[in-house]
Each structure stands twice: as structure tokens, then as C-alpha cells.
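Chemist: Please find one structure pasted underneath; my questions will follow.
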Amino acid sequence: MFEGNHKEHHNNLVRVQDEFNQMMRRLLDEPFATSRSTFMPAVNVKENSHQYTITAELPGLNEQQVDLEVHGNTLIIRGERKTEEEKESDRYHMVESKYGSFQRSFTLPEEADVEKISAEFEHGVLKVHVPKSGTSKAKKIQISRKGH
């Protein structure tokens, strides 16, 4: 059915498929360029016996560019990752970095001690420590049988 080298035919098919995929990505990405360009930090939330730790990845930012607030039982992290200044001589061939204002909100559990929340920022990573107050620990309740 195929004449010549099978490997060469396979390589040609792979090349054509790659070119088609790149063309489709360009066509599909252009109308959504503004929505894709919004920066939203990746966040992890973990818990141990004495605290919750919220870790936010904020590459390119420093602690002065990030605000951390508590309103009631809501912890809010907000900031802005600004685009770098463009020079007239600059011409981008690819832009995958995301920029813009962001806000992440977290509902804190009742046992969170909001008065003792602390935060540290190092190498583009914000760590927020939310201690547990210890007043609302889980408790097993014995169920009694009524009427006997």
C-alpha cells in the first residue's frame, strides 16, 4: 500500500499533525487572549492538629505587592502581577505568562484563631498560618436509649 520507507511516512504524518495542531491552537487562542492572560495564583490549603496553612504561589511578586486581610471568617489574599514594560524594539513571539489583578478568598472554620494568623513570604511563595483555637474540638456524643 505504501511505497518507500514506513518510518518516513510516519514522520511526515506526525509533522503534518503537529502543524495542524499549532494552527488550531493559534486560531482558538486568539479570541480568548484577554481571558487567558489573567493571573490567578495556585493555592494549597493543608491542615494538621494545630493549624491550617494556606500556600499561594506568587512568582514575580514581593510581600509589598500582596495584601492579606480577614473580614469576619473570610481570609482574602489580593494583589496584582504587572506586565513588564515593553520597548518599541521588543516583539514577542510567544506570551505564556499571565498578568493582572487577583483575589482569592477562603472561608475560615469556626476553630480558626483569626487574632493569631501569621504570614511569611519567601521566593515568590506566601505562607499563611491560621492557628486553631482549640475551643471547637470534635467530641463524640453518647446516644442514650429513651424510655427504657
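FYI, it's all coordinate maths here, none of it is from the lab. All figures in this text were calculated on a predicted structure; none of them were measured in a lab. Positions of Cβ are backbone-derived with ideal geometry, glycine not excepted, and every protein chain shown enters the neighbour counts.
Chemist: Summing +1 for each Lys or Arg and -1 for each Asp or Glu, what net charge is found among the other residues whose Cβ lies under 14 Å from the Cβ of Thr55?
Modeler: Neighbourhood net charge equals -1.
Chemist: How do 115-121, 93-99, 74-80 rank on mean C-beta neighbours within 10 Å, highest first?
Modeler: 74-80, 115-121, 93-99
Chemist: Please report the net charge: other residues with Cβ closer than 15 Å to the Cβ of Leu108, K and R +1, D and E -1.
Modeler: Computed value for this residue: -2.
Chemist: Okay, moving on. How far apart, in nm, are two points set 7 Å out from the Cα along the Cα-to-Cβ line at His50 and at Val95?
Modeler: The two pseudo-label positions are separated by 4.7 nm.
Chemist: Let me ask another. Beyond a 30 Å Cα-Cα separation, which of these cross-linked pairs lie in this structure: Lys7/Lys98; Lys98/Lys127; Lys82/Lys127?
Modeler: Lys7/Lys98
Chemist: Now, a different point. Just to be sure I understand the model, the point goes 7 Å from the Cα along the line to the Cβ. What's the resulting His9 to Arg104 distance in nm?
Modeler: Between His9 and Arg104, the simple spin-label model gives 5.1 nm.
Chemist: What does the charge count near Arg78 come to, summing +1 for each Lys or Arg and -1 for each Asp or Glu among other residues with Cβ under 10 Å from its Cβ?
Modeler: It works out to a net charge of -2.
Chemist: Grab the Cα-Cα distance for Glu122 and Lys146, subtract it from 0.36 nm times how many residues apart they are, and report the gain in nm with one decimal.
Modeler: Length difference between fully extended and current span is 2.8 nm.
Chemist: Still on this structure, I have one more. What lysines sit close enough to Lys132 to cross-link, taking a C-alpha to C-alpha distance under 24 Å and skipping anything fewer than 8 places away on the same chain?
Modeler: Lys46, Lys116, Lys140
Chemist: Along Cα→Cβ, 7 Å out, is where each label goes; now give me the distance between the ones at Lys82 and Asn62 in nm to one decimal.
Modeler: Those two pseudo-labels are separated by 1.3 nm.
Chemist: Along the stretch 47-59, what does the Karplus equation 6.51 cos²θ - 1.76 cosθ + 1.60 (θ = phi - 60°) give for ³J(HN,Hα), rounded to whole Hz, x for Gly and Pro?
Modeler: So the Karplus estimates, Gly and Pro as x, are 9, 10, 5, 10, 6, 9, 10, 10, 10, 10, 8, 10, x Hz.
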